[in-house]
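Structure first, commentary second.
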């Protein structure tokens with residue numbers, strides 16, 4: 001397993017991880033028709049822009065396959081996703097730990113879909129605490145509503 005800075009050349013693989021992870025993790029939590037309609041290409045283009053613009057994105061590789069990625073910035077972990085076949089193998093924890101090492105400051109936040117029990121349990125195991133704050137996001141031109149909870153942790 002290797003964890004490294006993403007390059008624009010990784011954007012397509014990151015888009016594919018993003019879609020596959022959403023489709024598996026959010027099954028039953030987000031409307032099925034929305035999940036079925038997700039496409040890696042628009043996400044890949046967005047990730048390529050973010051990487052080119054200097055956004056911090058790490059990828060986790062297993063035998064040369066981009067198995068996961070994480071995006072973060074000052075004070076916040078924005079995204080951490082793995083291909084479902086890599087769940088439960090320690091790759092997510094390793095990617096998370098690398099992000100925590102690189103996050104500047106003394107604390108950070110992240111937002112988790114309030115009904116995503118698997119993700120919430122993962123973050124609690126990594127030392128994050130639900131601080132009670134919530135937010136609502138709408139996506140897909142307002143057709144999908146995401147209720148999220150904020151988690152916080154101290155940084156080393």
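Readers should treat all values here as calculations from the given coordinates under stated rules, not as data from a laboratory. This structure is a prediction, so every number in the text was calculated from the model and none was measured. Virtual Cβ from ideal backbone geometry, glycine too; neighbours counted across all protein chains shown.
Somewhere in the range 110-120, is a residue within 16 Å of the chain's Cα centre (by Cα) and farther than 25 Å from residue 60 by Cα? Lay out the reasoning, then the answer.
Within the range 110-120, the subset within 16 Å of the chain's Cα centre (by Cα) is 110-120.
Now drop any that are not farther than 25 Å from residue 60 by Cα, which leaves 114-115.
Yes: one or more hits.
Scanning the range 36-59 finds no residues that are in contact with a helix residue (DSSP H, G or I) (Cβ under 8 Å, 6 or more places away or on another chain), more than 26 Å from residue 156 (Cα to Cα), surrounded by fewer than 19 Cβ atoms within 10 Å (Cβ to Cβ) and in contact (Cβ under 8 Å) with a residue 60 or more places away in the chain.
Mind checking which residues of the range 95-110 are within 17 Å of residue 21 (Cα to Cα) and either touching a residue at least 60 places away in the same chain (Cβ under 8 Å) or surrounded by fewer than 16 Cβ atoms within 10 Å (Cβ to Cβ) (or both)?
We begin by selecting, within the range 95-110, every residue within 17 Å of residue 21 (Cα to Cα); these are 95-96.
Within the range 95-110, 95 is the sole residue that qualifies.
What do you reckon, is residue 130 free of Cβ contacts under 8 Å to residues at least 24 places away in the same chain, farther than 19 Å from residue 12 by Cα and surrounded by fewer than 19 Cβ atoms within 10 Å (Cβ to Cβ)? Answer is yes for this residue.
No other residue among 62, 5, 10 is buried (at least 16 other Cβ atoms within 10 Å of the Cβ), touching a strand residue (DSSP E or B) at 6+ places or on another chain (Cβ under 9 Å) and without any contact (Cβ under 8 Å) to a residue 60 or more places away in the chain apart from 10. Among the residues of the range 107-138, which ones are assigned to a strand (DSSP E or B) and either closer than 17 Å to residue 82 by Cβ or touching a helix residue (DSSP H, G or I) at 6+ places or on another chain (Cβ under 8 Å) (or both)? Hits for the range 107-138 are 108, 110, 112, 113, 130. Counting only helices (runs of 4 or more DSSP H) wholly contained in the range 1-63, the ones carrying 2 or more residues that are within 14 Å of the chain's Cα centre (by Cα) occupy 11-25, 40-52. Filtered by the rule that a residue be over 25 Å from residue 132 (Cβ atoms) and touching a strand residue (DSSP E or B) at 6+ places or on another chain (Cβ under 8 Å), the range 89-110 gives 91, 94, 95, 98, 102.
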